Amino acid sequence: MPTAPLLVEAFSETHIPEMLDWFSTLEALVQWGGPGLSFPLEAAQIQAMLAGTKAVAPERSMFAGLVDGKLAGHAQVALDWPNGVGRLSRVAINPQMRGRGLAAPFLREVTKRFFTNPAFARLELNVYTFNEAAIRTYRSLGFREEGVRRSSAKVGDVRWDTAIYGLLRNEWN
Ligand SMILES: CC(C)(COP(=O)(O)OP(=O)(O)OC[C@H]1O[C@@H](n2cnc3c(N)ncnc32)[C@H](O)[C@@H]1OP(=O)(O)O)[C@@H](O)C(=O)NCCC(=O)NCCS
């Protein structure tokens, strides 16, 4: 269990250096961020994501979880404003802080903040089907599996299955 309270705030430029060494292989990077990123993770890639948080109706929100002032977690929500749908993505707990039960409280707070905006009715996510720790976390928050896109990601020479999960506003809490 966490030894200090987990605080959640908007992810900002100052957090970037702390997460650059979180993904030590291409597979770990893709597991976190999907196949669109280039390995190794560099500040410019995260800065480009941050640029998407700036508009009045931004394309994404980005969150930092802090424990004892250290970056403990990162998460994003891509925002589909016309449909009132968010896609929880790029969720990670600092590798040095994994296995302490931080993921659920971090994402519970992110989910709470997302549903605070009445414009949004649904939060969804994609997760590779082998990712047990992530799936256990999402299920504990009430996300339901809605299907599997078989063989949908190519990582090096192997292919991964992607499960789709969703949580509707009236299922939250
Ligand atoms: C997925 C992730 C955020 C979970 O955080 P964590 O600190 O490892 O996990 P927690 O300690 O909060 O535990 C969450 C659940 O997973 C289980 N768990 C933890 N590590 C596990 C492992 N290696 N294998 C299987 N289950 C595991 C825990 O028992 C807990 O389940 P429970 O509440 O039913 O007991 C973290 O492992 C991570 O950052 N992984 C790399 C990036 C990633 O895969 N992101 C998700 C993309 S969809």
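The values are calculated or read from the model by the stated rules, or taken from the named source; none is laboratory data. Please read these numbers as outputs of a predicted model, since none were measured by experiment. Positions of Cβ are backbone-derived with ideal geometry, glycine not excepted, and every protein chain shown enters the neighbour counts.
A few remarks follow.
- The condition (being under 16 Å from the mean Cα position of the chain (by Cα) and modelled with pLDDT under 95) is satisfied by just one residue among PRO2, PRO35: PRO35.
- Taking the stretch 13-32 as the range and being more than 15 Å from the chain's Cα centre (by Cα) and among the polar types (S, T, N, Q) as the test, the residues that pass are THR14, SER24, THR25.
- Checked against (1) surrounded by fewer than 20 Cβ atoms within 10 Å (Cβ to Cβ); (2) hydrophobic (A, V, I, L, M, F, W, C); (3) in contact with a strand residue (DSSP E or B) (Cβ under 6 Å, 6 or more places away or on another chain), TRP81 passes all but condition (3).
- Among the numbered conditions (1) under 22 Å from GLY52 (Cβ atoms); (2) at pLDDT below 95, the only one that VAL155 does not meet is (1).
- Residue within the stretch 59-72 that is over 15 Å from VAL8 (Cα atoms) and surrounded by fewer than 17 Cβ atoms within 10 Å (Cβ to Cβ) present: yes
- Consider the stretch 138-173 and keep the residues that are exposed (fewer than 14 other Cβ atoms within 10 Å of the Cβ) and polar (S, T, N, Q). The one that is nearest to THR25 (Cα to Cα) is SER151.
- Scan the stretch 84-101 for residues that are surrounded by 15 or more Cβ atoms within 10 Å (Cβ to Cβ) and closer than 28 Å to ALA119 by Cβ and the total you get is 8.
- Residue count for the stretch 108-137 under the criterion of being surrounded by 14 or more Cβ atoms within 10 Å (Cβ to Cβ), within 7 Å of the ligand (Cβ to nearest atom) and within 24 Å of GLU9 (Cβ to Cβ): the result is 3.
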